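The values are calculated or read from the model by the stated rules, or taken from the named source; none is laboratory data. Just so we're clear, the structure is a prediction, and the values are computed from it rather than from any experiment. In this analysis, Cβ positions are derived from the backbone assuming ideal geometry, glycine residues included, and neighbour counts consider all displayed protein chains. SASA here: full protein model, heavy atoms, side chains in, ligands and nucleic acids out. Shrake-Rupley method; radii C 1.70, N 1.55, O 1.52, S 1.80 Å.
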Amino acid sequence: MDAVSRNAESASRFVPARSVARNLARQFPESFGYRMKNLFLGRPLVSEQLVTERLNNRIALGVLAPDCISSSAYGTEQMLTQLTPFIGLAAFTLVVPITFAIIGVLFFVTLSYWDVISYYTKSGGSYVVARDNFGPRIAQIAAVALLIDYTVTVAVQCSAGTAALTTAFPGLAHLTVEITVGVVLLLIYGNLRGITEAGKYFALPTYTYAIALVTVIGLGYFQAASGTLHQLPIPPANQLYGGAFGVSGSGWIYGLAYINLLRAFANGGSSLTGLEAISNGVASFKKPESVNARKTLVTMSCVLGFLVLGTSLLARWTHAVPYAKGTPTVVGQEVQAVLGTAPFGHVAFLIVQFATVAILYTGGNTSFNGFPFLASFVASDRFLPRQLTKRGHRLAFSNGILVLGVVAIALVLVFNAQVTGLVSLYAIGVFTGFTMAGLGMVKHHLTQRAEGKWRRGVVINGIAGSISAIVVVIFAVAKFREGAWVIVVVGPLMYWGLIRLHRQYADEDAQLRSEGATVSETRSVRHHVALVLVDSFDLATSRAVDYARTLSQDTRAVHFDIDPEVTRELNHRWAEVGPKWLPLDIIECPDRRLERATLELVADVVADRDTECTLLLPRRSFGSLLSRILHDRTADSIAAAVSVVPNVSATIVPFNLVDLQRGQELEAEAEAEAKVSSHAAKGMLPADQRLQERSGGSEPISDVEWRQRAKVAGRIKSVRVQRGPGASNLECTLSDGSGSLLLIFQGRPTVPGIEPGARLVVEGMVGSWHQQLAILNPDYELIAGSNDEPHGS
């Protein structure tokens, strides 16, 4: 044989990973479900695209404040719902002092969160404050309160947005529930696709609403001062909330039960929802984060206070009343009274209403950011299921989004998208969070006792926490029969559930980390038996038998005799076409309990405690739904049954039956998709762009040849340290989409910058390493590390 032939033969022995990478889409097409996910949600995002956008103060106010500022659209109305049915016109006088009381609460809570932001510059929500100062168990009170708050926020904001929409277009009032549910579904879909709050477009509704409502309030002040602002006629009592319009009596307080005063104050407290959004998003501010966040917090609170007071004063002057249907809204009536019904005034009215709708729906969207992140924090502390920590197809916490959306839709349906009913569930969670943040900061200051300001911090946070706790009690008592009982009952049950779940995780962890769970380096079994369960002899059984031979020389095929006729047919077929080297063991199973019979079999095999048994269970996987329905999943139940036996491992050996024609269609579609994606440069990560710029003169990995010098560029997909008796080698796989190539750094267990995700330009002689093409000790240029953040906005 000449040298050329020998070289060709040697080269053919090396099968690089590029053959799989090049034909992967054709050989193993994606599942139908995954293709549908790509169709509806878009292509998956890689983890490197998870970048926090730094916001300046103006954009941050618009992005983080819609939940808080938009509550001014329904705060005054919620106070009036508890007043007008009992004291009539006197309600418009009383609503203003109640508003001042709420603004007083706003003042102290703002000071408390000002203090929180000073010390918690990464994330300063009440959950984190409570966890750091009271421990994780007490922090679950804040977790329960915030989870409830976020959930009800979606329902309240979307329902209020629909009420504003039907105020502009009364003909849509009969579709209130349907519209609200549709909006929540759109929010779910948008957030599953990866909508984030970072961006100037999310700030637009906030500024549009604030400017529009401030303008209306300013015009209302001017008209009230000049005597041109007229009162609205009171509609018939059957159209009003509560079905009545009370009589004030001989004084503005007469006729008002004390409990209704508390209810009005509690309902008005819903205006303060979303106040902690700034402290939750401190990390998204430009440096210095703490200073900028505090400035934005003060601005947000001032805007909220002005809007709530302004709408209450307009209600007093215009006598706008809450309707039983929730539409037209009090704010909508005020806007119409100020702007008039002339064509220009009507156009301006529609603009204000559209701005109100936009900010309310945007405020509902903020919970789809806050709830999943909070749930992931709590789940990381092992108080919620770990599935909530996983990011989905588009880097969003998909499980948290789905849970939030489903519960919010349920609330909308139960309460018929009526804001007044939903508010009964609202403020308890909100003010419980305020309480935990305030008292947590009191504990922080008493513990740290920093020089100069710790006493002031104790006083301010003590007042804020105490006032918030009082509001919680007031709300629980005053609104108990109107729906607050749900939170009073569900809240403790949720807390118990979180603690119970944590205990379960702790118990499992203690068992898994016991001394017997360590890997032994000295114990070795003398005997290994591979058992293959056979119910029929087909391709699936044949595959399992072939696999069993690779595991052990002592391989046994076992059939449990449940049906004598089936057993005779199997025995006959085994004798005809079965493996001649492997006899079929027939074991009786008179009670037809396969799980128990299998357990007794493997227990007998390993009874000497010196034998390891691997039980192989063939499983046939079918493509069509009908085929899956027609076949059971006995293998799963058998595997679960034998898992309790020491030295026994159950392995399910899948065999997929796919329709050939459908497989060919999938291959063609996948190949076309691969061609499209290979030419798509849009959305390329900055690190890949830099790699493309610096990889001049390189060739695709699929074109490299054995014993030829090559220059390639790509991304490290995997890294491992191969330890030897003398030295350790760092082995990594470089991929460029066309194929993969092994890089070996001999005698070096670590190389700075060489880690999964790094981009390299590599040059060297292509050789072989364990039957794979490889470059040993290559020259390389590190273009981007795995943790490099993309540049630009």
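Just grab the label-to-label distance for PHE306 and GLN689, each label 7 Å out from Cα along the Cβ direction, in nm (one decimal).
3.9 nm
Between LYS717 and VAL644, what is the FRET efficiency for a Förster distance of 41 Å, r being their Cβ-Cβ separation, to the nearest 0.05? List each step's numbers first, then the result.
Details: r = 38 Å, r/R0 = 0.94.
E(calc), rounded to 0.05, equals 0.60.
Of LYS122/LYS717; LYS37/LYS717; LYS287/LYS443; LYS122/LYS286, which ones are farther than 20 Å apart at the Cα?
Working: LYS122/LYS717 31 Å; LYS37/LYS717 24 Å; LYS287/LYS443 28 Å; LYS122/LYS286 12 Å.
Over 20 Å Cα-Cα: LYS122/LYS717; LYS37/LYS717; LYS287/LYS443.
Rank by packing, highest mean first: peptides 775-783, 727-735, with packing defined as the count of other Cβ atoms within 10 Å averaged across residues.
Peptide ranking by packing, descending: 727-735, 775-783.
Based on the mean of other Cβ atoms within 10 Å per residue, sort peptides 419-431, 485-497 so the most packed one is first.
In decreasing order of mean packing, 419-431, 485-497 become 419-431, 485-497.
Please list, in chain and number order, the residues 5+ apart from TYR323 or on another chain whose amide H is under 5 Å from its amide H, with Hs placed from the backbone.
TYR241
With all protein chains present, calculate the accessible area of LYS286 using a 1.4 Å probe and round the result to the nearest 10 Å².
Probe radius 1.4 Å; accessible area of LYS286 about 100 Å².
Please go through region 262-315 and write out the chymotrypsin sites (Phe, Trp or Tyr not before Pro) that DSSP classes as loop and that have at most 11 other C-beta atoms within 10 Å.
The qualifying sites: there are none.
How would you order 289-295, 552-558, 588-594 from highest to lowest mean count of nearby Cβ atoms within 10 Å? Each step should come with its number before you reach the end.
On the way: 289-295: 19.6, 552-558: 16.7, 588-594: 12.6.
Going by the mean number of other Cβ atoms within 10 Å, highest first, we get 289-295, 552-558, 588-594.
Would you please classify the overall shape of region 408-558 from the alpha carbon gyration tensor, given that a ≥ b ≥ c denote the square roots of the eigenvalues, rounded means a/c under 1.5, and beyond that prolate means a/b larger than b/c while oblate covers the rest?
In terms of gyration-tensor shape, oblate.
What is the sum of charges, Lys and Arg at +1 and Asp and Glu at -1, for the other residues whose Cβ falls under 13 Å from the Cβ of PRO579?
+3
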